[in-house]
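In what follows, a single structure is set out as structure tokens and then discussed.
The values are calculated or read from the model by the stated rules, or taken from the named source; none is laboratory data. Just so we're clear, the structure is a prediction, and the values are computed from it rather than from any experiment. Don't worry about glycine lacking a Cβ; one is built from the backbone with ideal geometry, like all the others, and counts go over all protein chains shown. In case anyone asks, the SASA skips ligands and DNA or RNA and just uses the protein heavy atoms, side chains included. Shrake-Rupley method; radii C 1.70, N 1.55, O 1.52, S 1.80 Å.
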Amino acid sequence: MVFSSFIFLFYFLPVFLAIYFLVPVSWKNTVIFSASLIFYYYGVREHPSYVLLMLFSVVVNYISARLIVRCRNAGWRTMWFSVGMTWNIGCLFVFKYLDFLSRNINALLERTGVGLHIPYARLVLPIGISFYTFQISSYLIDVYRRKIRAEQSILTLGTYLCMFPQLIAGPIVTYSQVQKQMGERTHSFRNLEEGLREFTIGLILKVLIANRVGHLWTQVNSIGFESISCPLAWLGIAAYTFQIYFDFYGYSLMASGLGRIMGFDFPDNFRNPYLSCSVTEFWRRWHMTLGSWFREYVYIPLGGNRSHLYRNLFLVWMLTGLWHGASWNFVLWGFLLFLLLAVEKYGLGKFLENNPVCGHLYMAAVIPLSWLLFAVTDPGQFTVYLGRLFPLFGSAQSAVFRGDFLKYGRDCFWPLAAAVLCCSGVPRRLYEAKKYTFPVTFALVVLFWFCVYCMYLGLDDPFLYYQF
């Protein structure tokens, strides 16, 4: 079930909100937990056991955290912590990385002539497992560090982990950020209004911008990379660059809006990342909750900036790449970002900071080229696409329709123009200044129903980050 669907907008959400606001405060977490299980079951209904997998994660971490608190002996505390983390990371590894490891071992065995072959598990990746694994792991780590108290109610812990607004694709919320709100939070008409507004803005970004520019990228794939011109290649990767941003940003705003309706204050996940002047700045603005997680639970424990800086950067970005997917293109993506960040740490970052025009030009090339590793997973096709982007270094082209970028770009001109404008942050600032005026409210209502109309026409796609 996706937020930008009829079943969510006109069936699930209205019924949930009606029940949620009718029940007494003491029952609200129960309603959230029950609704979240229904929401998740709908998404994994072909593999219903995955609901039990998530519930078992709640039970294992609940018990582990309680035992960590009760034990006075450091060795026993570490043992129970290890039990919980082994379950968390083990589940993620088995479902996401086991076949990736098996494929690479089999490739090595085949090259060495060893007559062995490791069978593949061929498990379907549970939706959202990367996100909820990081959330529950942060809870257990913080309990072990004595940063937070172990939750006494398994229902409350289950509500935290399974909460449907951010269950599938974040933002990654640590328990310390919402622990107080799990028991005491404000429900008001203002929160309801603010939440619905944020949800609507997210829906607009997803349906009217991300999906429309994404259609251009789909067309480029349909044509075949061998047959596109250099201008269309750049236009296509620009479209994917905008698609992945407004798709994920739109989801994050919808999740934040739903959280606000229920009285929760989720952390921001984006802060105009495409206005950055360096890769370092970009990753302080993009998917900020994931960056905070790696900084808090990996980078700083390794030593951070204090010792072995480049080793720590390398490990963090290799793990970040693998977190996004069990494929070599994500490993290469992580390694590329490590190199760029290392060069910036060495001195380029200071230059870009002092020369913002150069910084913006630099990022205008780096951002789409880095997303190309996300968009094109096949190494051979990736090489072909690079040859189209930089024809002087590519092989001889096959027949190309020279006016293809005009033909396809014309159909997507207004969504691309809207994407560029929204990346500037100007529309958001204008909205914040005039958000309670009648014209702005009226515009949101009109655009909401236009989104519904586009969904009715089938102009909708699943969220890109569901696959991670």
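The numbered conditions (1) open to solvent by 20 Å² or more (accessible area, probe 1.4 Å); (2) within 29 Å of the chain's Cα centre (by Cα); (3) at pLDDT 90 or above are all true for G43 except (3). Working only within the stretch 259-270, note down all residues that are open to solvent by less than 50 Å² (accessible area, probe 1.4 Å) and assigned to a loop (DSSP other than H, G, I, E, B). M262, G263, F264, F266, P267, N269, F270, listed by residue number. Cβ separations smaller than 6 Å between residues 6+ apart or across chains give the following pairs from the stretch 290-316 residues that are over 16 Å from I141 (Cβ atoms) to residues that are open to solvent by less than 30 Å² (accessible area, probe 1.4 Å) and part of a loop (DSSP other than H, G, I, E, B): N312/G303. No other residue among G224, G170 is at pLDDT below 95, at positive phi and within 20 Å of the chain's Cα centre (by Cα) apart from G170. Select from the stretch 271-284 the residues that are open to solvent by 20 Å² or more (accessible area, probe 1.4 Å) and either part of a helix (DSSP H, G or I) or in contact with a Ser or Thr (Cβ under 6 Å, 6 or more places away or on another chain) (or both) and list them in ascending order. Listed by number, the residues that qualify are Y274, L275, T280, E281, W283, R284. Could you count how many residues in the stretch 299-330 are among the small types (G, A, S) and in contact with an Asp or Glu (Cβ under 9 Å, 6 or more places away or on another chain)? Qualifying residue count for the region: 1. On the stretch given as the stretch 285-313, residues that are open to solvent by 10 Å² or more (accessible area, probe 1.4 Å) and either on the phi > 0 side of the Ramachandran plot or small (G, A, S) (or both) total 4.
Might you let me know whether the stretch 343-357 holds any residue that is modelled with pLDDT of 90 or more, surrounded by fewer than 19 Cβ atoms within 10 Å (Cβ to Cβ), under 22 Å from A238 (Cα atoms) and of a type outside the set (K, R)? Looking through the stretch 343-357, at least one residue is modelled with pLDDT of 90 or more, surrounded by fewer than 19 Cβ atoms within 10 Å (Cβ to Cβ), under 22 Å from A238 (Cα atoms) and of a type outside the set (K, R). Of V23, V83, V94, V15, all but one fail to be closer than 27 Å to R145 by Cβ and surrounded by fewer than 14 Cβ atoms within 10 Å (Cβ to Cβ); the exception is V94. The lone criterion from (1) open to solvent by 40 Å² or more (accessible area, probe 1.4 Å); (2) part of a helix (DSSP H, G or I); (3) closer than 21 Å to Y436 by Cβ left unmet by S222 is number (3). So, in the stretch 338-359, exactly how many residues are touching a Leu at 6+ places or on another chain (Cβ under 8 Å) and of a type in the set (A, V, I, L, M)? So the count comes out to 2. When you look at S276, is it small (G, A, S), in contact (Cβ under 8 Å) with a residue 12 or more places away in the chain and in contact with an Asp or Glu (Cβ under 8 Å, 6 or more places away or on another chain), yes or no? No. The residues of the stretch 33-55 that are part of a helix (DSSP H, G or I) and without any contact (Cβ under 8 Å) to a residue 12 or more places away in the chain, listed by number, are S34, Y41, S49, L52. Could you grab me the full set of residues in the stretch 105-151 that are loosely packed, with under 12 Cβ neighbours inside 10 Å and either among the polar types (S, T, N, Q) or in contact with a Leu (Cβ under 6 Å, 6 or more places away or on another chain) (or both)? Listed by number, the residues that qualify are T112, L116, A121.
Here's the yes/no breakdown for (1) in a helix (DSSP H, G or I); (2) under 30 Å from P24 (Cβ atoms); (3) out of contact with any strand residue (DSSP E or B) (no Cβ under 7 Å at 6 or more places or on another chain); (4) not hydroxyl-bearing (S, T, Y):
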site	(1), (2), (3), (4)
R149	no, yes, yes, yes
S176	yes, yes, yes, no
Q181	yes, yes, yes, yes
N191	yes, yes, yes, yes
E198	yes, yes, yes, yes
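In the stretch 289-347, of all residues being outside any helix (DSSP H, G or I) and closer than 22 Å to I105 by Cα, the one that is farthest from the chain's Cα centre (by Cα) corresponds to S327.
Pick from the stretch 58-77 the residues that are surrounded by fewer than 18 Cβ atoms within 10 Å (Cβ to Cβ) and either touching a residue at least 24 places away in the same chain (Cβ under 8 Å) or touching a Ser or Thr at 6+ places or on another chain (Cβ under 7 Å) (or both): which of them is farthest from Q135 (Cα to Cα)? Looking at residues that are surrounded by fewer than 18 Cβ atoms within 10 Å (Cβ to Cβ) and either touching a residue at least 24 places away in the same chain (Cβ under 8 Å) or touching a Ser or Thr at 6+ places or on another chain (Cβ under 7 Å) (or both), I get V69. For I172, the conditions (1) within 21 Å of G90 (Cβ to Cβ); (2) part of a helix (DSSP H, G or I) are fulfilled apart from (2).
Restricting attention to the stretch 222-240, does a residue exist that is within 25 Å of P165 (Cβ to Cβ) and aromatic (F, W, Y)? Looking for residues that are within 25 Å of P165 (Cβ to Cβ) and aromatic (F, W, Y), one finds none in the stretch 222-240, hence no. Inside the stretch 205-235, residues that are small (G, A, S) and free of Cβ contacts under 8 Å to residues at least 24 places away in the same chain make up a count of 2.
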